[in-house]
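Asker: Mind looking over this structure? Questions follow.
Bear in mind that the values in this text are calculations on the coordinates, not laboratory data. Only a predicted model underlies this, so the values are computations on that prediction, with no experimental measurement involved. Counting neighbours? That spans all protein chains shown, and the Cβs are built from the backbone with ideal geometry, glycine included.
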Amino acid sequence: MRYFIVALLAWLAAIGPCRAEGYPNRSIHLIVPTGPGGITDLLARLVGERLSKAAGQPVIVENRIGAGGVTGSHYVAQAAPDGYTLLFAFPSHTVNAALYTKLPYDALGSFAPVTMISTFPSVLEVRPNFPARTVQELIALAKSKTDPLTYASVGNGSLAFLSAALFAVEADINLVQAPYESVPEAAMALQSGDVDMFFDTPVTAIPLIKAGKVRALAVTSETRQPSMPDVPSVSETVPGYKALGWNGVLAPKGTPEAVIERLNQLIVGLLRTPEMQAELTGMGVEVVGNTPNQFRAAIGTDITKWSAVIKEAGIQPD
């Protein structure tokens, strides 16, 4: 019996790494649970292109939009755990448990983290003729008005939603969300005056700022951004305020550990190249490329933080 157990353990140890041998040998589908044109979509396509070259197989990027990221996340949670269907997650992944009474998956338990790709702030922007020219003036304006100011977002759980919810709590003001299907639509709504503000990401905000189509009031990182040194941080007016977005790759629960390790090796490797570092820095994001366990811990921390913010903001789950 002892010999049988020892032999069985040796066999299991031997086949574990082999399950990643030859991976990948066909197309990988990278699911983006939000619309085109925003930072998540742009990064997914960039990472997908580089991953395809590194892995030697096509990486097909698919936008599966709906319910603040739930539709795309659920699709991946139900997929075969073989490493060929992956989720390019964004901040909604960690807050949807607090926003929806019944999720068809568990944000941690239904997935196998691969790596966090990047973190980035948002840019609080208004239209050029908006009366408030600083965060302090914006807060004063919000408190003086009978009707709440409005902000654009790409749905519950998006970085714009989270940044605005935290801003409303920390500044003690009321804000009303106006959700749109994509970042370009949200930005257009701001420019046309349909909403009062939009917490955009640097990669899509900077071109609009340079063109004079919008005006930046602040960034949501703790300190000013190198790409926008003249734009103050919200925390300079609202001490302690910090809202960062992130993107990362998740696989379905049950994906073999050897496949997760292979994916982590491929993706972190491409993130470490000077070309990728320069390209991502130019997009206003900070490269991460951590381990699966570190990514899992970060997701858990985010769930705790944003669940508390949602509760304090009085936002009722659907």
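Asker: If we count every other residue with Cβ under 15 angstrom of Gly240's Cβ, Lys/Arg +1 and Asp/Glu -1, where does the sum land? Walk me through the intermediate numbers first.
Answerer: On the way: positive: Lys242, Lys305; negative: Glu170, Asp172, Glu222, Glu236, Glu312.
For residues surrounding Gly240, the net value is -3.
Asker: Which angle between 0 and 90 degrees, to the nearest 10, do you get for helix 2-18 versus the longest principal axis of the chain when only C-alpha atoms count?
Answerer: Tilt of helix 2-18: around 50 degrees.
Asker: Can you give the relative contact order of region 135-260 as a percent, counting alpha carbon pairs under 8 Å and 6+ residues apart?
Answerer: 23 percent
Asker: Over all alpha-carbon pairs of region 116-222, lay out the pair-distance distribution in 5 Å bins, whole %, shortest bin first.
Answerer: Distribution as computed: 2, 13, 25, 28, 20, 9, 2, 0, 0 percent.
Asker: Rounded, prolate or oblate: pick one for region 195-318, where a ≥ b ≥ c are the square roots of the eigenvalues of its C-alpha gyration tensor, a/c under 1.5 means rounded, and failing that, prolate if a/b is larger than b/c, else oblate.
Answerer: oblate
Asker: Using the Karplus equation 6.51 cos²θ - 1.76 cosθ + 1.60 (θ = phi - 60°), what ³J(HN,Hα) coupling, rounded to whole Hz, does each residue of region 126-140 give in order, writing x for Gly and Pro?
Answerer: Per-residue couplings from phi come out as 10, 6, x, 8, 5, x, 7, 10, 9, 4, 4, 5, 5, 5, 4 Hz.
Asker: Multiply the residue gap between Ala80 and Asn174 by 0.36 nm, knock off their C-alpha separation, and tell me the result in nm, one decimal place.
Answerer: Once the chain is fully extended between Ala80 and Asn174, it gains 29.5 nm.
Asker: Next question, about the same structure. Given H placed 1.01 Å from N in the peptide plane, which residues other than close sequence neighbours of Ala112 have an amide H under 5 Å from its amide H?
Answerer: So Ala112 has HN proximity to Ala251, Lys253.
Asker: Report, by chain and number, residues whose modeled amide H sits under 5 Å from the one on Ile60, excluding near sequence neighbours (fewer than 5 apart, same chain).
Answerer: Correct list: Ile28, His29, Leu30.
Asker: Pop a pseudo-label 7 angstrom from the Cα along the beta-carbon direction at both Glu181 and Glu257 and give the gap in nm to one decimal.
Answerer: Once both label points are built, they end up 4.4 nm from each other.
Asker: Here is a follow-up. Name the shape class, rounded, prolate or oblate, that the alpha-carbon gyration tensor gives for the chain, where a ≥ b ≥ c are the square roots of its eigenvalues, rounded holds for a/c under 1.5, and otherwise prolate holds if a/b is larger than b/c and oblate otherwise.
Answerer: On the way: a/c = 2.36, a/b = 1.89, b/c = 1.25.
Note, shape of the chain comes out prolate.
Asker: Shape verdict for region 128-186, please, from the Cα gyration tensor: rounded (a/c under 1.5), prolate (a/b greater than b/c) or oblate.
Answerer: In terms of gyration-tensor shape, prolate.
Asker: How large is the Kirkwood hydrodynamic radius of region 67-134, in angstrom, based on all distinct alpha carbon pairs?
Answerer: This gives a value of 14.5 Å.
Asker: Going Cα to Cα from Lys311, which aspartates and glutamates come in below 16 Å? Please leave out same-chain ones fewer than 8 positions away.
Answerer: Output for Lys311: Glu170, Asp172, Asp302.
Asker: Shifting gears a bit: Work out from phi, with θ = phi - 60° and the Karplus expression 6.51 cos²θ - 1.76 cosθ + 1.60, the ³J(HN,Hα) of each residue of region 282-291, listed in order in whole Hz, and give x for Gly and Pro.
Answerer: 3J(HN,Hα) across region 282-291, in whole Hz: x, 8, x, 10, 9, 6, 10, x, 9, 7.
Asker: Of all beta bridges DSSP finds with both residues in the chain, what is the antiparallel percent, to the nearest 5?
Answerer: In the chain, approximately 60 percent of DSSP beta bridges are antiparallel ones.
Asker: Still on this structure: Give me the distance in nm between label points sitting 7 Å out from Cα along the Cα-to-Cβ direction at Asp194 and Asn129, one decimal.
Answerer: 1.9 nm
Asker: Still on this structure, I have one more. What list of ³J(HN,Hα) values in whole Hz, one per residue of region 94-100 in order, does the Karplus curve 6.51 cos²θ - 1.76 cosθ + 1.60 (θ = phi - 60°) give from phi, with Gly and Pro shown as x?
Answerer: After applying 6.51 cos²θ - 1.76 cosθ + 1.60, I find 8, 10, 5, 5, 8, 9, 10 Hz.
Asker: Something else: Determine the sum of side-chain charges near Leu138: Lys and Arg each +1, Asp and Glu each -1, restricted to other residues whose C-beta is under 14 angstrom from that of Leu138. Write out the running numbers ahead of the final one.
Answerer: Details: positive: Arg127, Arg133, Lys143, Lys145, Arg215; negative: Glu125, Glu137, Glu170, Asp172, Asp196, Glu236.
Local charge sum for Leu138: -1.
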